[in-house]
Amino acid sequence: MSSWHEELAQGGACGGVVSLPWRSSADVTLELRRGDRVRRGVGAEGSPGWRLCTTEDGLEGWIHEDFLDPVGEEEAILREDYSSRELSLDEGERVWVHRAVGGWLWVQVSQGAWGWIPEDQVRPD
């Protein structure tokens, strides 16, 4: 369990600072609602739990299995609202970490934007 999991288990969000610049590599952002169906695809090499999923509209994006309730072998239903938005952040930017999942952090930046950034790019504040 990472230090982020321990911090978040105490309740609420915790502060962090971007330690290495990160640029989003995502071409598409999935914005899904609880109950939406997706087709589960291949897993991410080196990132256990992340699956390349396809929406009913044909869009593809990464979703961690923590967000999915399997329905059969290839389909799943979203357990909660989900966004695959990745943020591009510079070294030294402050973030509020709200969730740690599969090596990624769901954060909010001071300008109000929300998104994912790799866990190893952020250090506790």
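Read-outs throughout are calculated quantities, based only on the coordinates presented, and are distinct from any laboratory measurement. No experiment lies behind these values; they were computed from the predicted model shown.
Between Ser83 and Arg34, what length comes free when the chain is fully extended (0.36 nm per residue of separation minus the Cα-Cα distance, one decimal in nm)? Write down the numbers at each step before the final one.
Numbers: separation 49, 0.36 × 49 = 17.64 nm, distance 1.10 nm.
Gain on extension, Ser83 to Arg34, equals 16.5 nm.
Take the alpha carbon atoms of region 31-83, find their radius of gyration, then divide it by 2.2 N^0.38 Å using N residues; give the quotient. Please report the intermediate quantities before stating the final value.
On the way: Rg = 9.9 Å, N = 53, 2.2 N^0.38 = 9.9 Å.
Here the answer is 0.99, to two decimals.
List every residue whose amide H lies under 5 Å from the amide H of Thr29, counting only residues 5 or more places away in sequence or on a different chain, with H placed 1.01 Å from N in the peptide plane.
none
Calculate the tail of P(r) for the chain: the fraction of all Cα-Cα distances greater than 22 Å, expressed in %.
Details: 2779 of 7750 pairs.
So the pairs more than 22 Å apart make up 36 percent of the total in the chain.
Taking H placed 1.01 Å from N in the peptide plane, check which residues at least 5 places from Leu105 or on another chain put their amide H under 5 Å from its amide H.
Ile117, Glu119
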